[in-house]
Amino acid sequence: MPVQPQRRHESPQQGQEPPVLAEVVRSGFVEGRHRGSLVVLAADGSPTRTLGDVTSPVSPRSSVKPLQAAAMLAAGARLAGERLALAAASHSGETFHRVLVARMLAEQGLDESDLACPPVPVPGAAPGADASRIAMNCSGKHTGMLAACLARDWPTATYTDPEHPFQVLVRETVETAAGERVAHVGVDGCGAPLLAFSLTGLARAFRGLVLAEPGTPERRVADAMRAHPEFVAGTGRSDTLLMRGVPGVLAKIGAEGVQAVALPDGRALAFKIEDGDPLGRARGPVLAAALAGLGVNAPAVLDELADSPVRGGGRRVGEVRATL
């Protein structure tokens, strides 16, 4: 039987800093701390643990991509398997990612110039080589958005406008899944609308993705991501590791220290590291500790996620460790 986490609610008082989620330890001395907020939901959707503020809106960044992909399917986009996983991806721009994005565009009679995401350097290319929109980690999402527009005969030139019919559908999809209204609409790093809502809403949405009826847009997205995690992230990435190593888990990172995960029985979690975790050192240990608290029994996976070394003089002299 899985270990059931204790119900803990530790919300900060007005004006207080968020709680510490991880410490940076160098040579036995705590030299830094990562604060943040975290929510854990039981299989029935009730919160079993809250740290910090989990009801105020945050920018979920790329953690919202599975919901955007569900909206693509609801609009009639014909996406499945690896293509659907890539539509919900923050991919690494590896060759297999770029090849499939290019193929998906060609299948729709489009090319790279139709993408609204910005160009980025191609991984492994020679210095000074031309940048590519296809190499951008959101290019699969943008290609899926274009597929949705073509399925409904909606304009493609303005598909990132918040008032575009597809983006209105995304907002409706997010609000239904999160069980709350979107609090703010901004612009994400890729140029698409960025919808702010709470960490509790994010965890609730991921719970809904894995518990949705087979064949629904939400369940199709969850199943595609779990079947093709390399297309959701990339070689060696944490989401790939987790979805490959723990059967039935759905996971998606977001920029600025956001992570959302759902287990196949409906237990779910979401957290945000307040400083954005700029070096990417705190997310893994916090995620591993939260999953262990949920009773996930996958020592090799959790150990790899938790391993976040601090180095000095070219050798390991400490670690970033979770404080959950």
- Message: So, residue 239, is that one farther than 26 Å from residue 176 by Cα, among the acidic types (Asp, Glu) and either open to solvent by less than 20 Å² (accessible area, probe 1.4 Å) or assigned to a loop (DSSP other than H, G, I, E, B) (or both) or not?
- Response: no
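Matching residues to (1) part of a loop (DSSP other than H, G, I, E, B); (2) open to solvent by less than 10 Å² (accessible area, probe 1.4 Å); (3) touching a residue at least 60 places away in the same chain (Cβ under 8 Å):
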| position | (1), (2), (3) |
| --- | --- |
| 70 | no, yes, yes |
| 74 | no, no, yes |
| 77 | yes, yes, yes |
| 86 | no, yes, yes |
- Note on the structure: Exactly one of 90, 63 is hydroxyl-bearing (Ser, Thr, Tyr), touching a residue at least 40 places away in the same chain (Cβ under 8 Å) and crowded, with 24+ Cβ neighbours inside 10 Å, and that one is 63
- Task: Collect the residues in the range 142-157 that are open to solvent by 70 Å² or more (accessible area, probe 1.4 Å), outside any helix (DSSP H, G or I) and either at negative phi or β-branched (Val, Ile, Thr) (or both), keeping them in residue-number order.
- Result: 155, 157
- Item | Residue that is least open to solvent (accessible area, probe 1.4 Å) [pool: residues in the range 277-293 that are charged (D, E, K, R) and not in a helix (DSSP H, G or I)] | 277
- Residues of the range 189-215 being assigned to a loop (DSSP other than H, G, I, E, B), open to solvent by 20 Å² or more (accessible area, probe 1.4 Å), touching a residue at least 12 places away in the same chain (Cβ under 8 Å) and on the phi < 0 side of the Ramachandran plot, in sequence order, are 189
- Could you tell me which numbered condition residue 163 fails, if it satisfies all but one of (1) surrounded by fewer than 19 Cβ atoms within 10 Å (Cβ to Cβ); (2) outside any loop (DSSP other than H, G, I, E, B)? (2)
- Message: Can you tell me how many residues within the range 294-308 are in a helix (DSSP H, G or I) and buried (at least 18 other Cβ atoms within 10 Å of the Cβ)?
- Response: 4
- Query: Could we say that residue 182 is part of a loop (DSSP other than H, G, I, E, B) and either open to solvent by 40 Å² or more (accessible area, probe 1.4 Å) or in contact with a helix residue (DSSP H, G or I) (Cβ under 9 Å, 6 or more places away or on another chain) (or both) here?
  - Reply: yes
- Tell me which residues, restricted to the range 104-130, are loosely packed, with under 15 Cβ neighbours inside 10 Å and within 23 Å of the chain's Cα centre (by Cα). 118, 123
- Mind listing whichever residues of the range 258-276 are open to solvent by 30 Å² or more (accessible area, probe 1.4 Å) and of a type in the set (Val, Ile, Thr)? none
- Could you tell me whether residue 41 is in contact with a helix residue (DSSP H, G or I) (Cβ under 6 Å, 6 or more places away or on another chain) and closer than 24 Å to residue 293 by Cα? yes
- Task: Please name all residue pairs, on different chains or six or more residues apart, with Cβ atoms under 9 Å, provided the first residue is in the range 298-310 and is on the phi < 0 side of the Ramachandran plot and the second residue is loosely packed, with under 13 Cβ neighbours inside 10 Å.
- Result: 309/316; 310/27; 310/31; 310/316
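The values are calculated or read from the model by the stated rules, or taken from the named source; none is laboratory data. Model, not experiment: these values are computed from the prediction. Cβ sites come from the backbone with ideal geometry, for glycine too, and all protein chains shown count toward neighbours. All accessible areas refer to the heavy atoms of the entire protein, side chains included, with ligands and DNA or RNA removed. Shrake-Rupley method; radii C 1.70, N 1.55, O 1.52, S 1.80 Å.
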